[in-house]
Every structure is written in structure tokens, then in C-alpha cells.
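Bear in mind that the values in this text are calculations on the coordinates, not laboratory data. Nothing here was measured: the structure is a model prediction, and the numbers come from that model. Here Cβ is always computed from backbone atoms with ideal geometry, including for glycine, and neighbour counts include all displayed protein chains.
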Amino acid sequence: MVRDGIPYVVIPLVLAALPVVFGYWLLAIPFVAIALFMAYFFRDPHRPVPTESGIVVAPADGRVTMVRLADGHDHPESLVSIFLSPLDVHINRSPIGGVITEIAYKSGKFVMATKEESRLLNEQNALTIQGDGLSVRCTQIAGVLARRIVCWKQTGDRVKCGERFGMIKFGSRTDLLLPPNVDVIAREGMKVKGGVTIVGRIRE
């Protein structure tokens, strides 16, 4: 379990202990159920990150809701959007190895993350990662339930492909902007796993 989830598990368990002390076992059940869900939500499973060169992996678990390819005109970069439900793992992972050259946080609204306008209106945190021959931008976007974006890295940090860099609490969206020299292989509707599923390949 990720350390950010510890208070969400401990507090319900403490509250569950109080009625148990006075013999009211049934009153403890809802608090125990909440603690179990929180432990599940904040899970942090080990992931076997692919080792082949020239790949871009999914930065989050979830369902791909949008794939917009670069066209050289209105859209100079390709966009892959991933929606994370409350049941998905909410750890964000670096899509490539490289150096974080910029982290830009923007406050905003909490529009439903599946809507296109959420990427423009909602609270978000964007990381630009410079790798070998390409630069990508990975944006953590809050949703209706998500009220806290967490980023564990700083500008100048070096990250490995698939390395954890943060999380978004309770349902969200993660957008990935890719340069035109990346062939996007992700498709709308597919389920992806952060740090595991290959969503693009760098064109040689």
C-alpha cells in the first residue's frame, strides 16, 4: 500500500475500535468496510516494466477514452487519455525514462474526467519528461471525486520508464502528449496498466 493511504486506513480502524470497546460490534462493521476499501484503493502492486528500447508505456491504469493523432496542423502532438475509475490502481508511472524538465500545477474545477473539457478546466499537474530523442508531457487531471493530486518528484529528477511519480486520489484522468515521431498503438476503449502496457513506439 502506498504511504499516502495510511491515514485513510488507520482512521476508520480507530473509529471501528470505539464501538467494539463498548460491545457494539455491529456499529464497527461500516468502519472496517471503509478501511478495507481504502487499503484496496491505495494498493501499489509490483509491475514488470518492459525493457525493450523505443517504447512508451501507459502512465496509469484505466480505460483509454480518447486517442487523437498528431496531424501537423491543429494538433502537433498525439494525445492519449486514460480514465481511472475508483477501482483502478491510482499510481501514476513515467511513460519513458528521462529527466523531468518541468512540473506545472494549475488549480481548476472538478468536471467529470471523461468529458473533453476536463483537460482544460480541471485541476491538473503536468510533467514534461525529456528522454532519448523525444519529450513527452504527462498530465494528472482531477475528476469529480478526485480532490488531491500528489506528485512525489521535482524538476530535475531523473526517472526510469515505469517508475512511480505520483497518484490522484479517488477517480481521475491521465493525459499523455506524444511528439509526432511516436507511433501510437493505443486504441480507444482498451484497458491499460500503468508501467506495463505499451501505448506507443518511437519511429526510427
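Quick notes on this structure:
- With the simple model of a label 7 Å out from the Cα in the direction of the Cβ, Ala33 to Thr65 spans 2.7 nm.
- Globularity ratio of the chain, using Cα Rg and 2.2 N^0.38 Å: 1.12
- Value of relative contact order over the chain, rounded to a whole percent, pairs C-alpha under 8 Å and six or more apart: 26
- The longest part of the chain holding none of the exposed loop chymotrypsin sites (Phe, Trp or Tyr not before Pro), meaning those outside H, G, I, E and B in DSSP with at most 11 other Cβ atoms within 10 Å, is 25-204.
- Coil-residue trypsin sites (Lys or Arg not before Pro) of region 156-204, DSSP, other Cβ within 10 Å capped at 13: Lys160, Arg187, Arg203
- Formal net charge of residues neighbouring Ser94 (Cβ-Cβ distance under 11 Å; K, R +1; D, E -1): +3
- Highest-fluctuation residue, Met38, Met190, Met167 considered, GNM on the chain with Cα pairs under 10 Å: Met190
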